[in-house]
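Reading through the structure tokens given below for one structure.
All of the numbers you see were taken from the coordinates with simple rules; none came from a lab. Values in this document were obtained by computation on a predicted structure and should not be read as measured data. Because the Cβ atoms are built from the backbone with ideal geometry, glycine has one as well, and the counts that use them run over all protein chains shown.
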Amino acid sequence: MEIRHAARLAPFQPETVWSLEAGTLVETRGPRSRRFPLSSLTRYRLAAEAGGGRRRSLLVTFGRRRLVIVSQSYLAPGRFEDRLASFSILARAIAAVGADLAPRARFGLARFEARTALTWVMGLMAFGAIATLLFSLTAGMAAVGIDMAARMSFALFLILAALPWLSRGQPFDPRDPPSDLLP
């Protein structure tokens, strides 16, 4: 039995069809076709729209190769057709078969990850503090540079103190995906 889901991703592209055939995920767009054996699945991430809407997407990673599957199909500028029913069936099937064929794969929900965003902010703030200090020293204004770098470093330490309380994502059992995301 072949499980299929189709969606148009952009206005001037042919419809993209994703199908699950005997342990292989097949993506077909026009005459081109790509095959992804589920035995090489490394990550399965299911994402939902932030406001609780019906838009869903699935990021499936096979080593260095990535594949994104969306639940809505493009109709016209600003208009989309909801195809959540076929998307849910395909996403559940990929999770179930992928769990059997790739037991080491990681399954999780892709929510907004504040930890990742704050890590980038901390890196940029540290770079800014070091650059401010170096530029002020080369300009002969060491007191101003040290003062500004110390204030930036203090904010950096406050953010660093909040990191342990932030979520790292939410894994789930691939045989029982979250029913609020896949109706």
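From the largest down, region 3-109 spans 40, 36, 24 angstrom on the principal axes of its Cα atoms.
Determine Rg/Rh for region 112-167; Rg is computed over alpha-carbon atoms and Rh is the Kirkwood hydrodynamic estimate from the same atoms. Present the calculation step by step, with values, prior to reporting the outcome.
Numbers: Rg = 13.3 Å, Rh = 12.0 Å.
Over the Cα atoms of region 112-167, Rg/Rh equals 1.11.
Per residue, the average separation of C-alpha pairs within less than 8 Å and at least 6 apart gives region 24-164 a relative contact order of 18 percent. Around E15, with a cut-off of 12 angstrom between Cβ atoms, what is the net charge of the other residues, counting Lys and Arg +1 and Asp and Glu -1? Local charge sum for E15: +2.
With a simple spin-label model that places each label point 7 Å from the Cα along the Cα-to-Cβ direction, the separation between D100 and A85 comes to 2.6 nm.
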